[in-house]
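Engineer: Before we start, here is the structure in question, set down as structure tokens.
The values are calculated or read from the model by the stated rules, or taken from the named source; none is laboratory data. Computed from a predicted structure; not experimentally measured. Reconstructed Cβ throughout: ideal geometry from the backbone, glycine too, with neighbour counts over all protein chains shown. The area values use the complete protein model at the heavy-atom level, side chains included, leaving out ligands, DNA and RNA. Shrake-Rupley method; radii C 1.70, N 1.55, O 1.52, S 1.80 Å.
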Amino acid sequence: MGKGKKRPWIQAKIAAAQEGGGGKEAAVLAEAERRKKQKAADRAARERAFKEQNPERFVKDGEDDEGGFGGGETNAGDGGGGADATADEWSARDGNAGNAASRGGTNAVAPEAYPPSPGGYAKPPRDRPPPPPWRDDERTDVSTVPDVEKWMRSKEARLPEAAKEQRRSRAEAITRQIAAAAQHKQLGKAVNHYRRLVKHERLIPTSYTYASLLNAYVNSGDMRGAEEILRRMKAVPGMSPNVVVYTTILKGHMLSGDVDKAEALINEMPKQKPPVALDARAVNTFLRVCQRAGDAPRAWEAYRKMKGSGPVSAPCWTSVVPDDATYKLVARLLSQSLSARDVKDVIADAAAHAARDRSARATSGGDASAAPCQFWNAGRCDRGAACVFFHDPEKTQRADVETADAVASMHVNLAHCAALLDDAEAARLAIETANNALDEAEALASKLGEPGAVAGDPDAEETQTRGQNVDIKAATLAGALADSSATATYKRTTRAELRLELKRVGGFLKRVRKGAQEKPDVAEYLTRALVFDSRVEVCGDGVPGAPGAEKNEAPDVDALVSTLHGRLCDAYGLERACAVSAKVTVASARARLRSVLGDDGRVDFATLFSRHSDSGEPSRAESVPATITAPDKKEKKSKKDKKDKKDKRDQERRSSEPSAPGAAPENARPVKLEICAGNGDWAVAQARADPDSDWVALELRHDRVYSIFSRAVCEGAPNLCAMGGDAASVLRKHVRPGSVSHVFVNFPEPPHHSGDAAAVNEFHLLTPGFFRRMHRALTAGGGLTLFSDNHRYMRDLARTLAELTYEPQRGDDPAKAGEPLFAAEAAKPRAEARDDARAISDADASFENIEGVRLYRGVPGEGTGHLVHEQSYFDRFWEQGARTERFFAVVSKN
């Protein structure tokens, strides 16, 4: 609601009190309104009196006054308040440091021509030339961002209160512009507004100004700039960063995947002077950093600090009350580390916490004779016991929905953990509890009128209209408190995903019980999981010496093996998996990791996908079990024959070409790589449909790497490797040139979700430099398929691919200088797409030509490498938001 606006029910009560009715509550509101109007009238009277006493400080209508402390940026010789003016020149304008004519300006006059005002500032001459207009400067390097000089703050302190208030209002207006630019990741605009505030208008930034600029740097991925703004904020006397500012920095460390810096920062907060008290939001942000980096031990330690059961030497965070998000995050991390007992403890703690909250809500609010609380009727009252209005116990609260969602999420994670540890009974009980919790959450959400919560119910519209017989006032508040469309879509998709996970785990247990699927060895699958560093590497344009350019540092392979082995033990429960494995031990898993990595730290895919028999002899990965009908067999045989002929031609062509230095050894099985693999739905489906190839699903977030790994186990895909880490770093350090036959990128994230051209995102992956790394990793003639729902972004990517050429200064083949790196390939959209909106026949396989790259509309089909159509999480999420258009492009290494 806008500033100065009042809730409709408050306005109604004030009007009733003015007419002599409304009761005691209306009288209190009317008296508060009267006092507010009286204060405004008194303030206006003081302003008029000040204007009459100091007429020389005000500009008459029609006159232009650009002078004073907040004047424009001019040269010192103009007599203005420019950025190049010195402290002495500012003093001269006060009439206290000699004759103003000594500044050399042609329009300069003596100080007595305009006597100083009571505040100590002299009125500048009216006949001087106006200062030049402000010129936008969107340089984002924090070293170019000006800071406030100390003398400016001292001058500000001597201003009259009315002038200070006017300048503060102007600073707040510019700060709102900075905050709006930060929200849209427009770092250049945010810095430009700040530069104008400090350098041109000579205003003093507030704590909110610093916080907004810091948020702009964080959202744009420039953590060096964010840390510098935080340092400047700390240096201002009397200005201390609060928990919101520190949480913003923690969010930046989450986006960059730097758990070490995040831990140092959250431990530093209580040690500040004055101390910065932690809250649940800050701790949850730190837990999300741990989740993204797959650091279960640190997350468990943070949780124990909150419960007061941590190490004696460690500080306790018992003042922080865990919420539903806390329990979900901790349970997720513990389940992926296969710590079933600890997951059950967290679930028990969450249940006890929920019971206390329900008891507290039952006794909150005033007695039944009080007026009903409109916020409570709308679903949430944050006053609790302090609220004097009546809380009807029959009204459903949003906290109940959130608790049910949390219970469902935690039990889904417990079911995953138990299934992987071969505890079928515990998994079955967890699945049953999760299904019941989801039913409860959807029922409660429908009572609150959550959009889509009762989809498919013929009485849905009537239920949402009737709801809980909410009155008009509560309905107005419910509209203000309701989730946004995007939030409602996210909640619906999350519940649908949880049900899908339960179905997947239940199907896995059923197949194993009936003997339709071999019981998997989880430890053996883990030995094919490579979890590299999650810290994001900014990928430059590939020019030597540029940020993100190639570096030829000598890797310490033994240290790398120790790190990978430690991550598998800490984040994915390798030790617990080995305890129930008949083939793999902790020591043999470490030895296998060492055999997979060469002396240069790069992955040998042939060794990675080999399986060791009982005799110790390596063998290729077994074929994926699947039920295939006779027509399917013929179709697969025909496709295999075509593929074999194409592979033979490629082999003959490669044999006639000289191999590149450091290239991968020839591998009989092609390696196909999906980048930004998400939860692994698509990659697992392709691996099962293509048992003659080896598949790698690469994902930055380690919690999603666990999802890929668990799907491969449950679906039985031994020819799939779950790989974690930043793709830019992995391709540069750990993938040999010419070792990948096809790269797929499905639903890549644009620099900004809105597609704003002014958005800046240092974490953006698909840059020209990254495409060059893809090109080096591909075999001769290898393919690249891009698939997205964002037409504008796909056009930009196609244009980027078309502009890439061989350049010797970047280490490319000099004989191909000037030739394009990628060649466009013909393809066809899939005709058998599930819905009519995307079902495009082969005859309609038209494309848009983007500088030689073909951009198709529809779902990738023949000639794209997409063997089967499988929806990913992002595909399902965007369909919930009615975004069904899809676009793809296919190119090959030239």
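Engineer: Consider the stretch 347-392. How many of its residues are over 18 Å from A404 (Cβ atoms) and of a type outside the set (D, E, K, R)?
Structural biologist: The number of residues fulfilling the criteria is 24.
Engineer: Moving on to the next point. Kindly list, by first and then second residue, each pair from a residue in the stretch 487-511 that is more than 15 Å from N679 (Cβ to Cβ) to a residue that is part of a helix (DSSP H, G or I) and open to solvent by less than 30 Å² (accessible area, probe 1.4 Å), limited to pairs with Cβ atoms under 7 Å and residues at least 6 apart or on different chains.
Structural biologist: Pairs found: R495/L438; R495/A441; G506/I431; F508/A419; F508/C714; L509/A419; L509/A427.
Engineer: Considering A475, A482, A486, which residue is surrounded by fewer than 14 Cβ atoms within 10 Å (Cβ to Cβ), at pLDDT below 85 and of a type in the set (A, V, I, L, M, F, W, C)?
Structural biologist: A486
Engineer: Which condition does R224 not pass, out of (1) surrounded by fewer than 17 Cβ atoms within 10 Å (Cβ to Cβ); (2) within 22 Å of H193 (Cβ to Cβ); (3) without any contact (Cβ under 8 Å) to a residue 24 or more places away in the chain, if it passes all the others?
Structural biologist: The number of the failed condition is (3).
Engineer: Hey, another quick one. Being of a type in the set (D, E, K, R) and closer than 30 Å to L421 by Cα is the filter here, so list the residues in the stretch 341-379 that pass it. Can you show your working first?
Structural biologist: Of all residues in the stretch 341-379, those of a type in the set (D, E, K, R) come to 341-342, 344-345, 349, 356-358, 361, 367.
Correct list: R341, D342, K344, D345, D349.
Engineer: Go over the candidates T785, T779 one by one and state the one that is in a strand (DSSP E or B), open to solvent by 10 Å² or more (accessible area, probe 1.4 Å) and either over 28 Å from L597 (Cβ atoms) or modelled with pLDDT of 90 or more (or both). Before the answer, list the steps.
Structural biologist: Working: T785 fails: open to solvent by 10 Å² or more (accessible area, probe 1.4 Å).
So the residue among T785, T779 that is in a strand (DSSP E or B), open to solvent by 10 Å² or more (accessible area, probe 1.4 Å) and either over 28 Å from L597 (Cβ atoms) or modelled with pLDDT of 90 or more (or both) is T779.
Engineer: Further question on the same structure: Here is a list: F375, F389. Which entry is surrounded by 13 or more Cβ atoms within 10 Å (Cβ to Cβ) and farther than 19 Å from A445 by Cα?
Structural biologist: That would be F389, the only listed residue that is surrounded by 13 or more Cβ atoms within 10 Å (Cβ to Cβ) and farther than 19 Å from A445 by Cα.
Engineer: Within the stretch 235-250, which residues are part of a helix (DSSP H, G or I) and either surrounded by fewer than 17 Cβ atoms within 10 Å (Cβ to Cβ) or at pLDDT below 90 (or both)?
Structural biologist: Those that are part of a helix (DSSP H, G or I) and either surrounded by fewer than 17 Cβ atoms within 10 Å (Cβ to Cβ) or at pLDDT below 90 (or both): A235, V243, V244.
Engineer: Test D692 against the criterion of being of a type in the set (D, E), buried (at least 21 other Cβ atoms within 10 Å of the Cβ) and modelled with pLDDT of 90 or more, and give yes or no.
Structural biologist: Working: of a type in the set (D, E): yes; buried (at least 21 other Cβ atoms within 10 Å of the Cβ): no; modelled with pLDDT of 90 or more: yes.
No: the conditions fail for D692.
Engineer: Out of the stretch 401-430, which residues are acidic (D, E), in a helix (DSSP H, G or I) and open to solvent by 40 Å² or more (accessible area, probe 1.4 Å)? I'd like the intermediate steps shown before the answer.
Structural biologist: Taking the stretch 401-430 and keeping what is acidic (D, E), we get 402, 405, 422-423, 425.
Imposing the further condition that a residue be in a helix (DSSP H, G or I) reduces the set to 402, 405, 425.
Across the stretch 401-430, the qualifying residues are E402, E425.
Engineer: Quick check on the stretch 35-55. Is at least one of its residues touching a Leu at 6+ places or on another chain (Cβ under 8 Å), closer than 30 Å to V388 by Cβ and either modelled with pLDDT under 50 or of a type in the set (G, A, S) (or both)? Step through it out loud before you land on a result.
Structural biologist: Of all residues in the stretch 35-55, those touching a Leu at 6+ places or on another chain (Cβ under 8 Å) come to none.
Taking every residue of the stretch 35-55 in turn, none turns out to be touching a Leu at 6+ places or on another chain (Cβ under 8 Å), closer than 30 Å to V388 by Cβ and either modelled with pLDDT under 50 or of a type in the set (G, A, S) (or both).
Engineer: Select from the stretch 735-754 the residues that are more than 26 Å from G863 (Cβ to Cβ) and either buried (at least 21 other Cβ atoms within 10 Å of the Cβ) or modelled with pLDDT of 95 or more (or both) and list them in ascending order.
Structural biologist: Passing the criteria: only P751.
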